[in-house]
1. Let me spell it out: the conditions are (1) crowded, with 19+ Cβ neighbours inside 10 Å; (2) closer than 18 Å to Ser169 by Cβ, and Ile15 meets all of them except one. Which number is the exception?
2. Filter the range 76-101 down to residues that are closer than 19 Å to Arg124 by Cα and touching an Asp or Glu at 6+ places or on another chain (Cβ under 8 Å), then give me how many there are.
3. Could you tell me which residue of the range 62-81 is surrounded by the most Cβ atoms within 10 Å (Cβ to Cβ), considering only residues that are modelled with pLDDT of 95 or more and farther than 23 Å from Met166 by Cα?
4. For the range 104-111, does any single residue satisfy the condition of being in contact (Cβ under 8 Å) with a residue 60 or more places away in the chain, buried (at least 16 other Cβ atoms within 10 Å of the Cβ) and under 18 Å from Thr152 (Cα atoms)?
5. Let me confirm something: among Ser23, Ser44, which residue is exposed (fewer than 13 other Cβ atoms within 10 Å of the Cβ), touching a helix residue (DSSP H, G or I) at 6+ places or on another chain (Cβ under 8 Å) and among the polar types (S, T, N, Q)?
6. Would you mind finding the one in Asn72, Asn97 that is in contact with a Pro (Cβ under 9 Å, 6 or more places away or on another chain), outside any loop (DSSP other than H, G, I, E, B) and within 20 Å of Ile34 (Cα to Cα)?
7. With respect to Thr58, is the statement that it is assigned to a helix (DSSP H, G or I), surrounded by fewer than 13 Cβ atoms within 10 Å (Cβ to Cβ) and free of Cβ contacts under 8 Å to residues at least 60 places away in the same chain true?
8. Among the residues of the range 116-124, is any out of contact with any strand residue (DSSP E or B) (no Cβ under 8 Å at 6 or more places or on another chain) and crowded, with 21+ Cβ neighbours inside 10 Å?
Amino acid sequence: MKHWIQDLIGVSDRIAALNINISGYKKTWSVIQIYAPTEQDTRSETKLFYKELTDILTKYAQNHIVLMGDFNAQVGTKQSKEEFVLGIFGQGKRSPNGELLVELLLEHKLMLLNTLYKKNKRNRWTWISPDGRTKNEIDYIATNYPKAFTDTSILSKFNFNTNHRMVRSVLRTKPPGKTRKYLVSQNDVSEWFLISIKHLRMSVIVCVFGENSQGSP
């Protein structure tokens, strides 16, 4: 799989980009991993983060993009004129960082995959507070090519030393045809495991490509 990789770019200690060619897709995929400032961080730090993220998204705008990581943001439910960036399965209230994230999604025409698929509430949260009392959905995967994906879910089976849970999106092995329906057979998908750990320096990105004929993930 290493021959698929074009390059890996460290933009900052909060942003990294992996450019990869995936068999069956004509365009390069740019996988951008982030760790966003919290709402307790300074305004200048948050402003710098979103400027650097905007720059890298603009740079790779012609590619297929996957933007993923810990956004420290709650997007809440879809509001007016947000149907192209949020699905109908958002939940809760929008936080200030959530406002910034949605503005970014609108600017770069990125769909938040977490909101496209119906999941039980207990299978939505991605972060738990140290005292175990608060659970929020703050880790996301977004893309400018949502039709290439068939599912996004939270995995709790992996025991990492973190208070975050893994977010997984499933990528088709072949691009969807212009006349094909969104749903495809299970033999036509590939599992793409995207793991977001809290600090980017310690984060892990694992991409596993292969036919899945054993049933739904």
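1. So the condition that Ile15 fails would be (2).
2. In the first step, residues of the range 76-101 are kept if they are closer than 19 Å to Arg124 by Cα; the result is 76-78, 85-95, 97-98, 101.
The next check asks that each one be touching an Asp or Glu at 6+ places or on another chain (Cβ under 8 Å); those that pass are 91-92, 95, 97.
Result for the range 76-101: 4.
3. Asn63
4. First, pick out the residues of the range 104-111 that are in contact (Cβ under 8 Å) with a residue 60 or more places away in the chain: none.
No, every residue in the range 104-111 fails to be in contact (Cβ under 8 Å) with a residue 60 or more places away in the chain, buried (at least 16 other Cβ atoms within 10 Å of the Cβ) and under 18 Å from Thr152 (Cα atoms).
5. Numbers: Ser44 fails: touching a helix residue (DSSP H, G or I) at 6+ places or on another chain (Cβ under 8 Å).
The unique qualifying residue is Ser23.
6. On the way: Asn72 fails: outside any loop (DSSP other than H, G, I, E, B).
It is Asn97.
7. Numbers: assigned to a helix (DSSP H, G or I): yes; surrounded by fewer than 13 Cβ atoms within 10 Å (Cβ to Cβ): yes; free of Cβ contacts under 8 Å to residues at least 60 places away in the same chain: yes.
It is true that Thr58 is assigned to a helix (DSSP H, G or I), surrounded by fewer than 13 Cβ atoms within 10 Å (Cβ to Cβ) and free of Cβ contacts under 8 Å to residues at least 60 places away in the same chain.
8. Applying the first criterion (out of contact with any strand residue (DSSP E or B) (no Cβ under 8 Å at 6 or more places or on another chain)) to the range 116-124 yields 118, 120-122.
Of the ones still in play, those that are also crowded, with 21+ Cβ neighbours inside 10 Å are none.
No.
The values are calculated or read from the model by the stated rules, or taken from the named source; none is laboratory data. Keep in mind the model is a prediction, meaning the values are calculated, not measured. Note that we place each Cβ from the backbone using ideal geometry, even for glycine, and neighbour counts take in every protein chain shown.
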